[in-house]
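Here's the structure we're looking at; comments come further down.
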Amino acid sequence: MADEAQIIYEYTNGNDVSIKTDDLKIDPRRLFVQITARPDGNIYVDDPAIIQRIFTGTGTIEGSDANELHDVQIASITFDGTYPRIKKIYWKTGATEDNIPVSGHFVFGDLGFGMWTVSFTLTEYSA
């Protein structure tokens, strides 16, 4: 079984949703890396060291949180470099990571009894 993590996704100042997940995946990507083989036979790597992380996972949330998050995601969110963001990730070990600006994509599924499954993809960006 994977370690459990809690992600707090803050979409505007003071408005956030907490998602507990046990299948959090973080895909780090080095953008703009170019590997070139030149006619002299040497290989050159140009790397501006720009790294982007993509956070994916699933969890369960209450219906009121799903409704609020759905309504906000449908409305236009202004990406200003501060919001939306991952306000905090709590790792099972007690470690945390704070304030990661992201763009979010969510898919909801009704479990019944006021609970919803949520699949998320949060892509880190820099303004």
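Since every read-out is calculated from the coordinates, none of them should be taken as a lab result. From a predicted model like this one, the values you see are computed outputs, not experimental measurements. Cβ coordinates were reconstructed from backbone atoms using ideal geometry, including for glycine residues, and neighbour counts include every protein chain displayed.
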TODO: Report the relative contact order of the chain, percent, no decimals, based on alpha-carbon pairs under 8 angstrom and at least 6 residues apart.
DONE: 28 percent
Open item on the list: Under a crude label model (7 Å from the Cα following the beta-carbon direction), how far is ALA75 from THR93 in nanometres?
Closed with: 3.8 nm
Task: Using alpha-carbon coordinates, inclination of helix 63-74 to the longest axis of the chain, degrees - done: 50 degrees
Task: Least to most buried among LYS20, LYS92 (fewest other Cβ within 10 Å first) - done: LYS92, LYS20
TODO: Give the label of the value calculated from the structure for log10 I(q)/I(0) by the Debye sum over Cα atoms at q = 0.11 Å⁻¹, choosing from [x] -0.72; [y] -0.46; [z] -0.35.
DONE: [y]
Task: Residue exposure sequence - THR12, THR56 - by fewest surrounding Cβ within 10 Å - done: THR12, THR56
